[in-house]
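*Asks:* The structure that follows is given in the form of structure tokens.
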Amino acid sequence: MEESTADKPLDFIRSIISEDRTNGKNEGRVHTRFPPEPNGYLHLGHAKSICLNFGVAEEFGGLCNLRLDDTNPAAEKTEYAEAIMADVRWLGFDWEERLHHASDYFDQLFDWAVRLIENGKAFVCDLNFEEMRELRGTLTEPGKPSPFRDRPVEENLDLFQKMKAGEFPEGSKTLRAKIDMASPNLNLRDPVIYRILHKEHPKTGTQWKIYPSYDFAHGQSDSIEGITHSLCTLEFEHHRPLYDWFCENLGIHHPQQIEFARLNLNYTVMSKRKMLRLVTEGHVNGWDDPRMPTLSGMRRRGYTPQAIRAFCDRVGLAKRENVIEMELLEYCLRDDLNRRAERRLGVLNPLKVTLQNYPEDQTEELDAINNPEDPDAGTRKIHFSREILIDRNDFMEDPPKKYFRMAPGREVRLKYAYYVTCKEVIRDESGEISELICSYDPESRGGGTADGRKVKGTIQWVDARTALPCSANLYDRLFSCPNPEENEDGKDFTDFINSGSLEVVTTARVEPSVSAFEPGQPFQLERVGYFCIDTNAVAEAGLVLNRSVALRDSWSKKTQGK
RNA sequence: AGCCUGGUGGUGUAAUGGUAGCACAGGAGUUUUUGGUACUCUCAGUCGGGGUUCGAGUCCCUGCCGGGCUGCCA
């Protein structure tokens, strides 16, 4: 997994950090953090941030903290916090003893707020939401000062203590920083830094009746932890002046906030809010639905940490908005699994094949290679007998040119087994093809003959008697248009959900050794795709496979194009 | 509308005043007991207009286009 970073150009963030180090800034230290809010599950966009923060720290010999940004008990849950930790660990990153919570700093934050009041830089405001909004002004007009702006320090101190003591109802008062009501940056128009919230907090319980806002908590948390580079997404750019203002006015360690463009993927959505809706409105079956771009969903689908990390390495890092193509993600998964996943044989839609010249009650075991990309993976035995099953896709009665699978009179190779020739097509009463009668060439055992005769087509098969029945979930993109977030003329993103995003195949048959895989462990069904056993399937459902990604298929691409 | 921010092939990302490169996607081919993999070749780009310069994707001016901002969310 080690790669030479020497020849790779640095992205803009690594360039800044590299320069800071050579300039001796922060005594050459590099310390980052990944600061999710525990109000939802982590998704691919978070993975980009995780890889960035932990990756940068490692590359520069620094550290990366995990910090749960739990300043809003109205939305946050312990369940989410636990899922977040599990996901980060699963991706392969270790915060060691450096798990922090913004709530760890509530006392310190409170003291700093008091200091701001004492210095005449913050005041208690009695305005309600609407009044505050009216006085804030607009994008083009400056705001007007709150009538409470010049409240005496002593009164502010007294009121703030009473807010803390829970003496006022929610929403009745706020603590605001006194900055600049005329600033073109609305965030600087006396922003709220503490609000009254009579909510129980997962960590601090009912101890607090007031909670700091993001702006008053984030930079200070970074500061307390000795963070050197605070990496965040572009939407926080307008908050940077505030971040800087608090560090400067409090006279505390001042980390450098650097913003980068968040990850977007086409044919999906990448916002917690929208994912929440998909879940609550029942468009998907939970946060870990394999169609979801959540890490838990992707894990269940069969995505590996290695593939996701490779993807994050390849998407690039810059300030410009971007939409990555799904194909890159799929490439990263195939690239990883091609090297590591063992191969098995299986058919999704079985078609019975009887070998007329194969002895009735004979069976045999044939050798199959576990992974052609990895000799160390060894070989296994697979059962063979007179009746086998192939996939219906691999037979055509009247094939087009260049089709080199099975057809009447055509000889093909059964992978690892024999050459077979189709002699007869049998139909049931409805006219549907129900069976193929074929002959086999005993000289071709293992899949080759001494005469070196060319057999172009090779197809997978399973032994009819021993193959395991199973069902397979075939997933496709969740949305039918590339950018469902961009709703044209009043349409909602849910209007674009791909009705074919999940196809359940109940007829599949696989070689018995498939059942030996651990749930979640990736393997390839040759010529079909990469799969894993579903981790959530109930026992009564039998063997349930999730298709992680199909194999590249230049044949279907070619035929569909015409 | 004001402020902030950004514009390089289809997508993403390099080139820090000196040959516009890489990856994915697309196309063609070689190899192949997976129409997979691997390998080879190929298509395709500096938002427009001015300027500075021997030389501009890069610097300056200007226009156009995209994104963000009017939560007591983060």
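*Asks:* Quick check on my filter: what residues within region A:226-265 are in contact with a strand residue (DSSP E or B) (Cβ under 7 Å, 6 or more places away or on another chain) and either modelled with pLDDT under 95 or open to solvent by 20 Å² or more (accessible area, probe 1.4 Å) (or both)?
*Replies:* Those that are in contact with a strand residue (DSSP E or B) (Cβ under 7 Å, 6 or more places away or on another chain) and either modelled with pLDDT under 95 or open to solvent by 20 Å² or more (accessible area, probe 1.4 Å) (or both): A:THR233, A:LEU234, A:PHE236, A:GLU237, A:ARG240, A:GLN256, A:ARG262, A:ASN264.
*Asks:* Oh, and also: Need at least 1 residues that are without any contact (Cβ under 8 Å) to a residue 24 or more places away in the chain and closer than 19 Å to A:ARG344 by Cα per element, so show me which strands (runs of 3 or more DSSP E) inside region A:367-462 make the cut, counting only ones lying wholly within it.
*Replies:* A:379-385
*Asks:* Would you check if A:LEU109 is touching a residue at least 12 places away in the same chain (Cβ under 8 Å), open to solvent by 30 Å² or more (accessible area, probe 1.4 Å), among the aliphatic types (A, V, I, L, M) and assigned by TED's automatic domain parsing to the domain that holds A:GLU170?
*Replies:* No; evaluated as a whole, the condition is false for this residue.
*Asks:* Which residue out of A:ASN473, A:ASN546 is outside any loop (DSSP other than H, G, I, E, B) and closer than 30 Å to A:PRO400 by Cα?
*Replies:* A:ASN473
*Asks:* Additional query: I'm trying to understand the selection: among the residues of region A:277-325, which are within 12 Å of the chain's Cα centre (by Cα) and hydrophobic (A, V, I, L, M, F, W, C)?
*Replies:* Those that are within 12 Å of the chain's Cα centre (by Cα) and hydrophobic (A, V, I, L, M, F, W, C): A:TRP287, A:MET292, A:LEU295, A:MET298, A:ALA307, A:ILE308, A:PHE311, A:CYS312.
*Asks:* Please work out if A:VAL284 is more than 16 Å from RNA strand B (Cβ to nearest atom) and surrounded by fewer than 23 Cβ atoms within 10 Å (Cβ to Cβ).
*Replies:* Details: more than 16 Å from RNA strand B (Cβ to nearest atom): yes; surrounded by fewer than 23 Cβ atoms within 10 Å (Cβ to Cβ): yes.
Spelling it out, A:VAL284 is indeed more than 16 Å from RNA strand B (Cβ to nearest atom) and surrounded by fewer than 23 Cβ atoms within 10 Å (Cβ to Cβ).
*Asks:* Would you pick out the residues in region A:57-81 that are in a loop (DSSP other than H, G, I, E, B), among the small types (Gly, Ala, Ser) and within 16 Å of RNA strand B (Cβ to nearest atom)?
*Replies:* A:ALA74, A:ALA75
*Asks:* Against the condition open to solvent by 10 Å² or more (accessible area, probe 1.4 Å), at pLDDT 95 or above and in contact with a Lys or Arg (Cβ under 6 Å, 6 or more places away or on another chain), how does A:GLY143 come out, does it pass?
*Replies:* In short, yes.
*Asks:* Okay, moving on. Go through (1) within 16 Å of A:ILE193 (Cα to Cα); (2) within 16 Å of RNA strand B (Cβ to nearest atom) and name the single condition A:GLU141 misses.
*Replies:* (1)
*Asks:* Could you identify the single residue in A:GLU141, A:GLU154, A:GLU167, A:GLU97 that is assigned to a helix (DSSP H, G or I) and without any contact (Cβ under 8 Å) to a residue 12 or more places away in the chain? First the steps, then the outcome.
*Replies:* Working: A:GLU141 fails: assigned to a helix (DSSP H, G or I); A:GLU167 fails: assigned to a helix (DSSP H, G or I); A:GLU97 fails: assigned to a helix (DSSP H, G or I).
Checking each option against the conditions leaves just A:GLU154.
*Asks:* Looking at A:PRO482 and the list (1) more than 11 Å from RNA strand B (Cβ to nearest atom); (2) outside the structural domain of A:ALA368 (by TED's automatic domain parsing), which single condition is not satisfied?
*Replies:* The failed condition is (1).
*Asks:* What tally of residues in region A:56-69 results from selecting those that are more than 15 Å from A:ARG98 (Cα to Cα) and open to solvent by less than 10 Å² (accessible area, probe 1.4 Å)?
*Replies:* Residues that pass the stated criteria total 1.
*Asks:* Considering region A:336-356 alone, what residues qualify as being exposed (fewer than 14 other Cβ atoms within 10 Å of the Cβ) and either in contact with a helix residue (DSSP H, G or I) (Cβ under 9 Å, 6 or more places away or on another chain) or more than 22 Å from A:ARG299 (Cβ to Cβ) (or both)?
*Replies:* A:GLN356
*Asks:* Within region A:16-38, how many residues are in contact (Cβ under 8 Å) with a residue 24 or more places away in the chain and in a loop (DSSP other than H, G, I, E, B)?
*Replies:* The number of residues fulfilling the criteria is 6.
Here's the yes/no breakdown for (1) under 27 Å from the mean Cα position of the chain (by Cα); (2) in a helix (DSSP H, G or I); (3) not acidic (Asp, Glu):
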{"site": "A:HIS198", "(1), (2), (3)": "no, no, yes"}
{"site": "A:HIS218", "(1), (2), (3)": "yes, yes, yes"}
{"site": "A:SER221", "(1), (2), (3)": "yes, yes, yes"}
{"site": "A:GLU237", "(1), (2), (3)": "yes, yes, no"}
{"site": "A:GLU248", "(1), (2), (3)": "no, yes, no"}
{"site": "A:GLU259", "(1), (2), (3)": "yes, no, no"}
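*Asks:* Still on this model: On the basis of being in the same structural domain as A:LEU231 (by TED's automatic domain parsing) and closer than 24 Å to A:PHE311 by Cβ, does A:PRO145 make the cut?
*Replies:* no
*Asks:* Sort out which residues of region A:210-267 are under 19 Å from A:LYS48 (Cα atoms) and charged (D, E, K, R), and write them in order of number.
*Replies:* A:GLU235, A:GLU237, A:GLU259, A:ARG262
*Asks:* Could you check A:ASN371 against (1) within 11 Å of RNA strand B (Cβ to nearest atom); (2) crowded, with 18+ Cβ neighbours inside 10 Å; (3) closer than 30 Å to A:VAL56 by Cα and say which number it fails?
*Replies:* Failing condition for A:ASN371: (3).
*Asks:* Would it be correct to say that A:PHE123 is farther than 30 Å from A:CYS312 by Cβ, in the same structural domain as A:GLN220 (by TED's automatic domain parsing), in contact with a Ser or Thr (Cβ under 7 Å, 6 or more places away or on another chain) and not in a loop (DSSP other than H, G, I, E, B)?
*Replies:* When the stated conditions are applied, A:PHE123 does not pass them.
*Asks:* Quick check: anything in region A:392-405 open to solvent by 60 Å² or more (accessible area, probe 1.4 Å), more than 9 Å from RNA strand B (Cβ to nearest atom) and more than 23 Å from A:LYS558 (Cβ to Cβ)?
*Replies:* No, that holds for no residue.
*Asks:* Could you tell me which residue of region A:517-562 is nearest to A:LEU348 (Cα to Cα), considering only residues that are small (Gly, Ala, Ser) and buried (at least 21 other Cβ atoms within 10 Å of the Cβ)?
*Replies:* Among those that are small (Gly, Ala, Ser) and buried (at least 21 other Cβ atoms within 10 Å of the Cβ), it is A:GLY529.
*Asks:* From the list A:ILE117, A:ILE84, pick out the single residue that is under 20 Å from A:SER230 (Cα atoms) and not in a loop (DSSP other than H, G, I, E, B).
*Replies:* A:ILE84
*Asks:* Quick one: how many residues across region A:316-332 are more than 6 Å from RNA strand B (Cβ to nearest atom) and open to solvent by 40 Å² or more (accessible area, probe 1.4 Å)?
*Replies:* Number satisfying all stated conditions: 1.
*Asks:* Assuming A:ASP428 fulfils every condition listed in (1) charged (D, E, K, R); (2) over 20 Å from A:SER556 (Cβ atoms); (3) within 14 Å of RNA strand B (Cβ to nearest atom) apart from one, which condition is it?
*Replies:* Going through the list (1) charged (D, E, K, R); (2) over 20 Å from A:SER556 (Cβ atoms); (3) within 14 Å of RNA strand B (Cβ to nearest atom), A:ASP428 breaks only (3).
*Asks:* Scan region A:85-126 residue by residue and report those that are within 30 Å of A:LYS48 (Cβ to Cβ), touching a strand residue (DSSP E or B) at 6+ places or on another chain (Cβ under 7 Å) and basic (Lys, Arg).
*Replies:* Passing the criteria: only A:ARG98.
*Asks:* Something else now. Consider A:ASP11 carefully, then state whether it is in contact with a Ser or Thr (Cβ under 8 Å, 6 or more places away or on another chain), outside the structural domain of A:GLY286 (by TED's automatic domain parsing) and within 14 Å of RNA strand B (Cβ to nearest atom).
*Replies:* On the way: in contact with a Ser or Thr (Cβ under 8 Å, 6 or more places away or on another chain): no; outside the structural domain of A:GLY286 (by TED's automatic domain parsing): yes; within 14 Å of RNA strand B (Cβ to nearest atom): yes.
Answer is no for this residue.
The values are calculated or read from the model by the stated rules, or taken from the named source; none is laboratory data. Please read all numbers here as calculations on a predicted model, not as lab measurements. Cβ coordinates were reconstructed from backbone atoms using ideal geometry, including for glycine residues, and neighbour counts include every protein chain displayed. The area values use the complete protein model at the heavy-atom level, side chains included, leaving out ligands, DNA and RNA. Shrake-Rupley method; radii C 1.70, N 1.55, O 1.52, S 1.80 Å.
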